[in-house]
Structure formats: structure tokens, C-alpha cells
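This report concerns only the one structure given below.
The values are calculated or read from the model by the stated rules, or taken from the named source; none is laboratory data. Computed from a predicted model, the values in this text were never measured in an experiment. In this analysis, Cβ positions are derived from the backbone assuming ideal geometry, glycine residues included, and neighbour counts consider all displayed protein chains.
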Amino acid sequence: MTDHSLRLLLDFDACAQRDNGQAPAFLHRRDRKFALTCEQQGVTPSPKRWMAHMNHLSGPGAGADPSAHTLGFWRRINSGFMAAGTVLGVLAMLGLLFYDGGQRINVTVILAFVAFQLLLALLTTAQSLAGWQPWRPLLRRFRNNPESPISMKLQPVLMARAAQLGGLCFALAGLATLLVMVVLQDLAFGWSTTLNTDANSYHRLISTVAAPWAWLWPAAAPEFTLVEATRFFRASTGEGTVNPARWGQWWPFIAMLWTTWALLPRLVLCVLAGVLIRRKARHLLDSHPAKRALMYRMETPALDTGNDHNDASDQPNTETQLNVHPLPDARIVLCWAGAGDPEVPDALSAGKSLVAKAGGRMTLAEDQQTLEQVATHLTQAPQLSVLLVTRSWEPPTGELEDFLINAKKLWPKGTQIALVPLATHIEQEPDTHQIQQWLRFAKRTGPEFIAVSLIPAHGAAPDMDGGVLE
């Protein structure tokens, strides 16, 4: 699944959700600057260019593709449908062509089965257009993360494409099985029905069904003599004067019947499902509330006074309900994005069993290895605390937030991270406004998982209110 419109929508939605935790003034300045840059370059701002700009700001290795999880989930569903369709297609065709040398293979049954497949294909497309989701409770069982509103709106068309892919593999496997059986076995076809149907009526039905390919392959459109000669009755015990060689002359018709009315509709509807997905993704992106807010910020000049209050004498409000924690007794230290270089303070590194680096110039693979290494140490040690050393003057980034989310998934339940922002001079405490931004980040990310601590000065507790986050 490499649909560009779908990937752009999912990435934009994920970026918009992350922006909900940012200050409106910051978002306005950022997006207005991007719009002015586009104006200087003579290009029109668009969500596609905006996402490319955001990825450029994040830098290489800034985090996993936000759409990768959703696309991977649906890729697994598509693969499952395709595998199941292939197996069932082989089994279904073997059942239809079962011949023990006595009763002939009934062409009427194959006609009914192909008509049923065509009906299923059409109903699948109609279900996606109507937005009906009878399988939604089943999908919830396989998802390991909450459904976003965008994902819920995309589910009907995505599930329709998965079903059409499964049906397409079913038809391909059935056709391949038919051709193999024609080569390996001497199949005897005939037709029969309980209804009082004569050969003329049945021939008209066959001619109507074979009309799309009769001009291309005349042998695949049975003549009246073949239809009349291959009818069999439940009470008949012999073949009479019928030439047994004629029993096998139905296979071109069966092959074209399967190709035209089972395989080609699935192929066309599968392509149509992809078109519907792109159309739905573009519509959801155009109507996304975050896009309207983004375009407003791009078009409206940003007046930066340096203060969110009307009175210029007021200082910005940086208060938060969280407080700084006492430094926990942890044996694992992670240095984020070069924090602690060239050397981690002795108060943090002394007696530690693991000191590692993450973020910054480290690649995603190296960050993942660090997370797994820490997870191994946490399972072996009785304590469940980790010190994450950062630079106090650098604001928290989305890359750090993604790293902590992955850590929460990998590390044992109950693990707590103590963010330790370091000042420019290690022997000093960071400024209050710098500490406040990390407290707000901890509150936004999850206070049950993340706390903020400082290195005690001369063995004393930090000059701020202490407490333990529960």
C-alpha cells in the first residue's frame, strides 16, 4: 500500500495531533514564516509542501513515519485476504471440477457459482460506498492502538480494497487450477437442471453469457449441437451415441466464463477501490479542521509582542501544577541529543550500570537498540527508574516525545523516567523558565510515566517544591 494521498493524510493528521500540545502563538509564527518563504520562492503553500517543510525541520532520523503503523496494519490485512483467497480459490475449483468418471461435471453449477462471485464483488463495492462496517468489531480486536477519527472514516474503503484483493487472488487461483486440471485430467462436462429446460433455451443462455468473447474465441462459445449433445439426465445410465470426445469441449467456455465474469470484475473493482481510497483521502484532507487552521495561520500576519498578555509589563505565564521531583535512585542514564557532552556529571554517572546515548545524531536503529538494551536491564533490576539527561535551554521536541512513546511500549509496566535538564554550567541550576518548559512537557506527555528532577547542589535538595508524581 503506497498510496500517496493516503500517506499524506495520515502524516498530516498525526502532525496536527502533535501540534495540539503547542502554543497557538508558536504555531502562528512557524506557519506564517513558512508561507512567507513560499511567497518568496514563487510557490503556493499546500499541505504537501508543509509536510515536507516539517520533515526538513525535524531533520534526518527524527522519528518513525507517523503513517507507517496504520499502513502496516492494513498491509497485513491485505496480505491475509490474498493468502486466504488463493487457498480458497484452489479448493473451490477442485470442488467444482471433481470428476470420478461417472457423473459429469455440471456446467450449470459452475454458472451459478460464477454469478455468486460476481454478486459478492458488487456487494463489496456497494458496502464501501454506503459506509457500512459490519466487520468493525472484528478489526478492533486486531488493533493495538486507539482508532483515530480519520482511520474510522477510511475503514470502509480500505476494507473493500482488502476484500477485492482477496477475491482477485481467489479468481486467479481458480483459473490456474482449471487450466492445470484440463492438462492433467480428462474432464467430462455436461449440463442438466431439474427444471423443464430444453436445449434451445439453454443455448440462448450460454450464448448471452459468452457474447463478450464469442468474436475473439469462437471455440469458447458452444454451438447448439454441443449443448444438445451434452445434456444428461439423472436417470440415464449410458452415453448413448454421444461422442465422448465432445464432453471435454466445454473447457474453453468454462475458462472464458471464469475469466470474464469472475476475474475481470474483481480486477476492475479492485482498481476502483484504489480510486475511492485516493478520493476519500483527498476529501478528508481538504475538510480536515487542522488544514483550515493551518491556512488561516499562513494567511494571517503574526504580531509577535513577546508576551501573551495585553499589558506589556506582565511576564509570560509559565506556571504549571507540577513540581520538580527529588532525584531518584536509578542505575540507568540516557543522554538525549548530546546532553552531558563531553562528560556526564559525577552525580549522575557514579554507580550506574548503564550510561547510553540517544537522539540527536543517533539513528533510529541505534535508538531502538538503546531502548531494547534498557528494557533488558529493567527486567533484571528490581528498581524501575531511568534518568534521561537533557539540555535545559533546548525545548522538548517531537522526536523526544516519539522516543518516550516507544519506551513506554517496550519497557516494563510501572517504569518511571526522570527528566534531568542540565544548565549551561553543570554546577548551576537551570533558570526557572527553562525548568517550567520541561514540567509542561512532562504534564503533556504523561505525568504517570515522566517526572522532572534536578541535580542536588552540594548534596542539598533543589530550591523548588518537591514531590512525587503518582
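Worth pointing out:
- Of all the listed residues (LEU410, LEU419, LEU388, LEU364), the sole one being touching a residue at least 60 places away in the same chain (Cβ under 8 Å) and among the aliphatic types (A, V, I, L, M) is LEU364.
- Members of region 242-297 found to be within 21 Å of SER67 (Cβ to Cβ) and of a type in the set (Val, Ile, Thr), listed by number: VAL275, ILE277
- Scanning region 109-121 turns up no residue that is loosely packed, with under 13 Cβ neighbours inside 10 Å, over 17 Å from VAL268 (Cβ atoms) and modelled with pLDDT under 90.
- Failed item, numbered, when ASP304 is tested on (1) closer than 30 Å to LYS48 by Cβ; (2) modelled with pLDDT of 85 or more; (3) touching a helix residue (DSSP H, G or I) at 6+ places or on another chain (Cβ under 7 Å): (2)
- When region 77-108 is filtered for residues that are of a type in the set (A, V, I, L, M), surrounded by fewer than 14 Cβ atoms within 10 Å (Cβ to Cβ) and within 23 Å of the chain's Cα centre (by Cα), the ones remaining, listed by number, are ALA83, ALA84.
- Filter pass, TRP251 being more than 23 Å from GLN164 (Cβ to Cβ), hydrophobic (A, V, I, L, M, F, W, C) and in the same structural domain as PHE113 (by TED's automatic domain parsing): yes
- Hits in region 310-368 (condition: farther than 21 Å from ALA423 by Cα, in a helix (DSSP H, G or I) and either over 34 Å from the mean Cα position of the chain (by Cα) or modelled with pLDDT under 80 (or both)): none
- Matching residues, region 323-373, being of a type in the set (Lys, Arg) and either under 27 Å from GLN436 (Cα atoms) or not assigned by TED's automatic domain parsing to the domain that holds LYS443 (or both): ARG331, LYS357, ARG361
- Positions within region 438-455 being touching a helix residue (DSSP H, G or I) at 6+ places or on another chain (Cβ under 8 Å) and part of a loop (DSSP other than H, G, I, E, B), in sequence order: GLY446, PHE449, LEU454, ILE455
- Only one of the numbered conditions (1) closer than 26 Å to GLY85 by Cβ; (2) in contact with a strand residue (DSSP E or B) (Cβ under 9 Å, 6 or more places away or on another chain); (3) at pLDDT 85 or above is not met by LEU187, and that is (3).
- From the options GLU372, GLU343, GLU401, GLU366, residue that is acidic (Asp, Glu) and touching a Leu at 6+ places or on another chain (Cβ under 8 Å): GLU372
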